[in-house]
Amino acid sequence: DVWTEVFVWVGEKANKKEASMSRDIAAQLIKSTSRAEETPITVVHSGSEPPMFTSAFLGWDHTKAEKFEDPYEKKLRLLAEAKAKEAGEDPA
């Protein structure tokens with residue numbers, strides 16, 4: 001949200017319903033604030049962030065965006081790998 005435009009970022013694991021609902025929520029945001037009804041909504045997909053999106057975030061690092069791993073999922077993965085290692089199994 002940069003006031004003159006609302007960006008909807010859709011993560012790679014978002015399903016069709018979530019992606020569709022995100023646009024509806026963005027439209028509700030526009031209506032609930034004092035913005036012009038014509039405020040554009042731009043859908044941005046994970047891994048394909050254009051410069052007009054990333055420029056709104058100081059210090060945007062494309063390498064980190066490409067390697068993002070949900071912290072909770074990372075913890076679960078590391079625990080599973082440690083458990084497999086203890087059991088002498090291949091963690092892959």
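So what's the back-of-envelope 222 nm ellipticity for the chain, counting only DSSP H runs of four-plus at -39500 (n - 2.57) apiece and dividing by all residues, rounded to 500?
Per the formula, -13500 deg cm²/dmol.
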_Residues whose placed amide H lies under 5 Å from that of residue 8, excluding near-sequence neighbours_ = 42, 43, 44
*Quick one, which of (1) 39, 17, 14; (2) 18, 16, 12; (3) 37, 16, 10 is the actual semi-axes √(5λ) of the Cα gyration tensor in Å calculated for this model?*
(3)
*Would you please put 33-41, 45-53 in order of how densely packed they are, using the mean number of other Cβ atoms within 10 angstrom per residue and starting with the highest?*
45-53, 33-41
_Just to make sure I understand: if all protein chains stay in place, what is the order of 61, 90 by accessible area at 1.4 Å, largest first?_
90, 61
*Highest mean first, what order results for 3-10, 14-21 on Cβ atoms within 10 Å?*
3-10, 14-21
*Quick one: helix 71-86 against the long Cα principal axis of the chain, what's the angle to the nearest 10°, folded into 0 to 90?*
10
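The values are calculated or read from the model by the stated rules, or taken from the named source; none is laboratory data. Note that the coordinates shown come from a computational prediction; the quantities given were computed from them, not determined experimentally. Glycine gets a Cβ as well: all are built from the backbone with ideal geometry, and neighbour counts include every protein chain shown. These accessible areas exclude ligands, DNA and RNA; they are computed on the full protein's heavy atoms, side chains included. Shrake-Rupley method; radii C 1.70, N 1.55, O 1.52, S 1.80 Å.
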